[in-house]
Amino acid sequence: MRPMTIHFSSGRSDDPPREFPGLPLAVDLSPLKRHYQALGKRHVPKVEAFRRFWAQEGEGLLAPRASVAGIAPEEVVDVLPREVTGSAGTLVLMVWTLGDGLERECERVMSQQGNAMWGLLLDVAGSIALYDMHRLLREWVGSPDRPFGENRVVGEFYPGSGNTSRPLVESVERLGRTAATLGAETRGSVMFHPRKTQYSFLCLGKEGGAFFGGPSPCSPCAGRRCLYYQLGGCHLGLQMDSREAES
Ligand code: SF4
């Protein structure tokens, strides 16, 4: 369990930004376990060794932080699909990161001969942690006793690792004040640094039926040849896992 800090801004001039520390993040490695079990018995000890390492040391590499900000749809009308900006009573930008500890450890491990698979498992566990943070944040924002009051989540635009652009990520960096609150920057790229950083836009309102979009596959997608897919870490598969868990 890792404590996650949320940097919150309602976007109202009479409501100064606040911090909510200590939201507990439990990383659920069961998608990884299910994947190895499906591969056959001889693969299970490998994933069990990794789960022990994760409980003792791996999870400690995470520094989960998020920025949650109410924004005016006019601010993003040029970078988001019209269905998103047109359907929101309130539009909320969420950006979340694991910090750079996990990816530095991945790089260190993968640079050692014979450790590539362990490094990949670490990377996949990081992807799972990002999806668990996403789910936790969506629940936090949509809950009636949270800062956006009675409004609930009626739509979302979540680009995942595709469906993005320079103007979009630069808007996210500026509106989420990610450099100051999360230590996450785009540095002229379409990706954030640290790499394990994601974002989405939530539509809040009283009525359902707004826009739900994403995540998109990588471009190009390597399908079953992709190592992330083979390790159970494809973000599309994880989304399916989380939807099944929610239903
Ligand atoms: S299978 Fe691999 S390349 Fe394709 S969407 Fe999933 S992670 Fe991306």
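Cross-link partners of residue 46 among lysines, defined as those whose alpha carbon lies under 21 angstrom from its own and excluding same-chain residues fewer than eight positions apart: 33.
Fraction of C-alpha pairs exceeding 16 angstrom in segment 1-41: 61 percent, rounded to a whole number.
The gain in end-to-end length when the residue 139 to residue 222 segment is fully stretched comes to 26.7 nm, 0.36 nm per residue minus the alpha carbon separation. Which residues among segment 117-137 fall inside the zone where the amide N is under 16 Å from a point 7 Å beyond the Cα of residue 44, along Cα→Cβ? Within reach of a label on residue 44: no residues.
Once the Cα atoms are used to define both axes, helix 101-110 deviates from the longest principal axis of the chain by about 30 degrees. Our coupling estimate for segment 196-201, obtained by passing each phi through the Karplus curve with A = 6.51, B = -1.76, C = 1.60 and θ = phi - 60°, is 7, 9, 9, 8, 7, 10 Hz, Gly and Pro reported as x.
A dipole drawn for segment 2-246 from +1 and -1 charges on Cβ atoms has a positive end, and of 24, 205, 109 the residue lying farthest that way is 109. Counting only alpha carbon atoms, the long axis of helix 44-56 and the longest principal axis of the chain meet at about 50°. Taken along the Cα-to-beta-carbon direction at a fixed 7 Å, the label points for residue 57 and residue 170 span 4.2 nm. Distances between placed amide hydrogens fall under 5 Å for residue 4 paired with 22, 23, 25, all partners being 5 or more residues away or on another chain.
Compute the projected area of the convex hull of the Cα atoms of the chain, averaged over all viewing directions, and report it in nm² to one decimal place.
Working: hull surface 55.6 nm².
Across all orientations, the chain yields a mean hull projection of 13.9 nm².
Take every DSSP beta bridge whose two residues both sit in segment 2-246; close to 75 percent of them are antiparallel.
Plugging the Kirkwood radius over Cα pairs into Stokes-Einstein for segment 6-71, at a temperature of 20 °C and a viscosity of 1.002 mPa s, what D comes out in µm²/s?
144 µm²/s
By the rule of a C-alpha distance below 19 Å, with chain neighbours fewer than 8 residues away ignored, the aspartates and glutamates paired with residue 206 are 83, 139, 145, 150, 156.
Between the beta carbons of residue 236 and residue 146, assuming R0 = 30 Å, the FRET efficiency works out to 0.55 to the nearest 0.05. Annotation: extensible slack from residue 111 through residue 19 equals 29.4 nm (criterion: 0.36 nm per residue apart, minus Cα-Cα distance). For segment 16-21, putting each phi into the Karplus relation 6.51 cos²θ - 1.76 cosθ + 1.60 with θ = phi - 60° gives couplings of x, x, 9, 10, 10, x Hz, in residue order, rounded to whole numbers and with x for Gly and Pro.
Values quoted throughout were computed directly from the atomic coordinates according to the rules given, and no laboratory measurement underlies them. Quantities reported herein were computed from a predicted structural model and do not represent experimental measurements. Every residue, glycine as well, gets a Cβ built from its backbone with ideal geometry; the counts of neighbours run over all protein chains shown.
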